[in-house]
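Below is one structure, written out as structure tokens; the observations come after it.
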Amino acid sequence: MATRAPQTVHFAIRGPIARADLPGLCDRVCALLERSGAGVALVDVSGVEPDAVTVDALARLQLAAWRYSCHVRLRRASPELLGLVAFMGLRDVLPD
């Protein structure tokens with residue numbers, strides 16, 4: 001019997017992201033994941049700044065996604081953002 005590939009949901013995050021935006025961003029993404037039942041979330045991050053607040057937001061999104069048995073994968077991340085993710089020790093948490 002063949003197993004089905006997990007459903008994928010696609011969305012984009014635009015910036016700049018302020019710390020005050022984090023709860024609302026997480027709430028919106030959680031609602032999307034709950035409705036979709038997706039196992040993978042492909043997140044276009046080409047519109048965000050490579051800063052600590054952005055990495056914090058992405059790490060929080062990954063944690064929230066895990067609660068829905070979903071895994072976040074970054075798409076169109078800048079080299080600067082990927083470098084900051086690696087510098088902060090989150091390369092395995094936020095794969096591209």
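Overview of values
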read-out	value
Those residues of the range 37-47 which are surrounded by 17 or more Cβ atoms within 10 Å (Cβ to Cβ) and within 12 Å of the chain's Cα centre (by Cα), in sequence order	Ala41, Val43, Val45
Condition check for Arg14: modelled with pLDDT of 90 or more, surrounded by fewer than 16 Cβ atoms within 10 Å (Cβ to Cβ) and basic (Lys, Arg)	yes
Options Arg60, Arg35: the member that is more than 16 Å from Arg91 (Cα to Cα) and at pLDDT below 95	Arg35
Inter-residue pairs, beta-carbon under 8 Å, first closer than 19 Å to Glu49 by Cβ and in the range 78-96, second of a type in the set (A, V, I, L, M) and surrounded by fewer than 13 Cβ atoms within 10 Å (Cβ to Cβ), 6+ apart	Leu84/Ala52; Met88/Ala52
Which numbered condition Glu80 misses (of (1) of a type outside the set (Val, Ile, Thr); (2) buried (at least 18 other Cβ atoms within 10 Å of the Cβ); (3) modelled with pLDDT of 95 or more)	(2)
Residue match in the range 50-65 (condition: buried (at least 16 other Cβ atoms within 10 Å of the Cβ), farther than 24 Å from Phe87 by Cα and of a type outside the set (A, V, I, L, M, F, W, C))	no
Filtered residue count, the range 7-36, keeping only those that are farther than 16 Å from Thr54 by Cα and either over 14 Å from the mean Cα position of the chain (by Cα) or of a type in the set (A, V, I, L, M) (or both)	8
Lone qualifier among Ser46, Ser36 - being polar (S, T, N, Q) and under 15 Å from Asp96 (Cβ atoms)	Ser46
Test: residue in the range 55-69 that is on the phi > 0 side of the Ramachandran plot and over 10 Å from the mean Cα position of the chain (by Cα)	yes
Residue check for Leu74: within 9 Å of the chain's Cα centre (by Cα) and within 14 Å of Ile13 (Cβ to Cβ)	yes
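The values are calculated or read from the model by the stated rules, or taken from the named source; none is laboratory data. Values in this document were obtained by computation on a predicted structure and should not be read as measured data. Virtual Cβ from ideal backbone geometry, glycine too; neighbours counted across all protein chains shown.
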